[in-house]
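S.K.: I have a structure here, written as structure tokens, and I will follow up with some questions on it.
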Amino acid sequence: MTTAALGCVGVLCLTLCAGCAAAGVGVPTTPSTAARLVEQHAAHLGLRVAQMVAALEFRQRR
């Protein structure tokens, strides 16, 4: 299991083989699927999506 950042959409969980994870290969998803997966990942972390996006924006400004 790995995570992938989708810009301002947020972060989602992905299950990739070790080779793809190491190579940084992304999995193509539709925008609606990506949004759903981001929401699920935020819920796993106990966050709202807006909190996740704010944290990502803060990290990018540093």
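The values are calculated or read from the model by the stated rules, or taken from the named source; none is laboratory data. None of the values given here were measured: they were computed from a predicted structure. Backbone-built Cβ (ideal geometry, glycine too); neighbour counts: all protein chains shown. Heads up: the accessible areas ignore ligands, DNA and RNA and are worked out on the full protein's heavy atoms, side chains in. Shrake-Rupley method; radii C 1.70, N 1.55, O 1.52, S 1.80 Å.
S.K.: Please specify each residue of the range 30-62 satisfying the condition of being hydroxyl-bearing (Ser, Thr, Tyr) and open to solvent by 50 Å² or more (accessible area, probe 1.4 Å). Break it down stepwise before answering.
M.R.: Initially, the range 30-62 is screened for residues hydroxyl-bearing (Ser, Thr, Tyr), giving 30, 32-33.
Hits for the range 30-62 are Thr30, Ser32.
S.K.: On the basis of being surrounded by 13 or more Cβ atoms within 10 Å (Cβ to Cβ) and either of a type in the set (Ser, Thr, Tyr) or touching a residue at least 24 places away in the same chain (Cβ under 8 Å) (or both), does Val27 make the cut?
M.R.: Working: surrounded by 13 or more Cβ atoms within 10 Å (Cβ to Cβ): yes; either of a type in the set (Ser, Thr, Tyr) or touching a residue at least 24 places away in the same chain (Cβ under 8 Å) (or both): no.
No.
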